[in-house]
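The values are calculated or read from the model by the stated rules, or taken from the named source; none is laboratory data. Quick caveat: nothing in here was measured; it's all calculated off a predicted structure. Counting neighbours? That spans all protein chains shown, and the Cβs are built from the backbone with ideal geometry, glycine included. Note: accessible area is taken over every heavy atom of the protein model, side chains too, but ligands, DNA and RNA are not part of it. Shrake-Rupley method; radii C 1.70, N 1.55, O 1.52, S 1.80 Å.
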Amino acid sequence: MEKLESNIAFYPSIISLFGVLFAFFMIYLESIGISKYLVEHAPILVVNNTETARSLLTTFIAGLISIMVFSFSLVMILLNQASSNFSPRVLPGLISNRRHQVILGIYNSSLLYCIFTLVSIAPEGDKYQLPGFSVLLAIIFMTFSLGAFIYFIHSISQEIQVNTIMDKIFKKSKQRLEGLIENEKYIDVEFEDSSDWKSIIANTTGYMQDVNMKTLATLAEEHHLKIDIVPVKGMYILKGIPVLKYKGEVAEEKEDHIDLEKKLIEAVTFSNSELIEDNYILAFKQITEIALKAMSPGVNDPGTCINAIDYLTELFALRMTKKDKSYYFNEDDKAIISIKTVDFEELLYNVMAAMRTYCKHDIIIVQKLFIMFQYLLQQNDVLKENYKEIIIKEVVNLRNDALNNHQNDRDIEVIKSYIAKLKTVIPSEYSLEI
């Protein structure tokens, strides 16, 4: 359902359908004499001149078409600029903006309503055959569309700003990560080695978007299984590689094995796109890509890179409160499903490897990265002790790259001063050589 809603045509199509249905409903009311009744009791609610009605509806149709063309052009410009200046990976989030979809749906539904109302005007006849009340509603819908257009201009001018894009990515990722942390049970688990378990092979390709844990848990309880989810969520799955491994008391008949494996693999959802709502790791990738694009010679916007590091700092601090390994527990607090996740060391290294490669020449960005490490080392609610050791390794890597790429004495002095500050917040059991 989320994939369907992220389509730019989903909500416009639904709202347009309502516009058509409402137009036919008004045609029916006109056929039973609603305009005749209103002319007699509330004439102000009826447009009672055929030429005026036709002129209004024709003008509305032409105006709405122009507004729609302009609005769609702005959306395309937004997507093109976001792809060029920030990252192509942010496009699904922009396309799935529900407010813009609803506004485009309002335009199209109003347009279709005006077209069907215009067609329903009888070429000849007395004044009661004119759908006067329907024309008045068309005026109201056009006024509403103009208001939606003004809001659309305001909204899209905000959406195109990089800070707004990063803030939305950050909030979605934070919400997803907080939900995972809240659902974690802090129980020490010794899960069995699954190397010799039965494997279920992928029969398609695509990103592993989501896994229905309730379905897997139900099957695990019914058949007394233990299940290991092999790939990390969000990973691109190639046809023929193992997706799930299971072990348990399964009937020996071949048909039962096939039926069970079919039910298990159906709990895994594959997609050609990735959503932050399903995979918080994607936010780290997108924000990092925005930062790197900002540091490219073609864009040259270190301020955006600094803002991106601020968002990454808070996300890393939140990630340090989550376990590297995740499990799904039954009602008896017994781990029945092992969920593979990207561990903190790999996540931090992947982000910093890109940052060091493209930003090590900029002393301002290097300072900001040292400040990020200082903040992370000062966190007290860290779940695992070796998280800080992982951070110290990246501090050493950044220090080495920074010193090797700066010859100015003042820059080297700044780098060493930040290293000295970091030494004051490093636990005594660790050592950092300058």
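Values for this structure:
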read-out: Accessible surface, per residue, of segment 309-428 when the full set of protein chains is kept, probe 1.4 Å, Å²; value: 48
read-out: Per residue accessible area of segment 134-230, 1.4 Å probe, in Å²; value: 54
read-out: Protection proxy ranking of 50-57, 309-316 - average other beta-carbon atoms within 10 Å, highest first; value: 309-316, 50-57
read-out: Mean shadow area of segment 132-178, taken as a quarter of the surface of its Cα convex hull (nm²); value: 4.8
read-out: Extended-chain gain in nm, criterion 0.36 nm per residue less alpha-carbon gap, TYR37 and GLU192; value: 48.0 nm
read-out: Exposure ranking of LYS393, LYS214 by accessible area [1.4 Å probe, largest first]; value: LYS214, LYS393
read-out: Filter on LYS226/LYS388; LYS174/LYS262; LYS168/LYS334; LYS174/LYS198; LYS323/LYS416; LYS323/LYS423 - keep pairs with C-alpha separation over 30 Å; value: LYS226/LYS388; LYS174/LYS262; LYS168/LYS334; LYS174/LYS198; LYS323/LYS416
read-out: Point-to-point label distance, THR143-THR215, nm (Cα→Cβ direction, 7 Å offset); value: 5.0
read-out: Coil-residue chymotrypsin sites (Phe, Trp or Tyr not before Pro) of segment 135-214, DSSP, other Cβ within 10 Å capped at 16; value: TYR186, PHE191
read-out: Label-zone membership for segment 194-209, site ASP259, 7 angstrom Cα→C-beta point, backbone N under 18 Å; value: none
read-out: Over segment 351-416, volume per residue of the alpha carbon convex hull, in Å³; value: 77
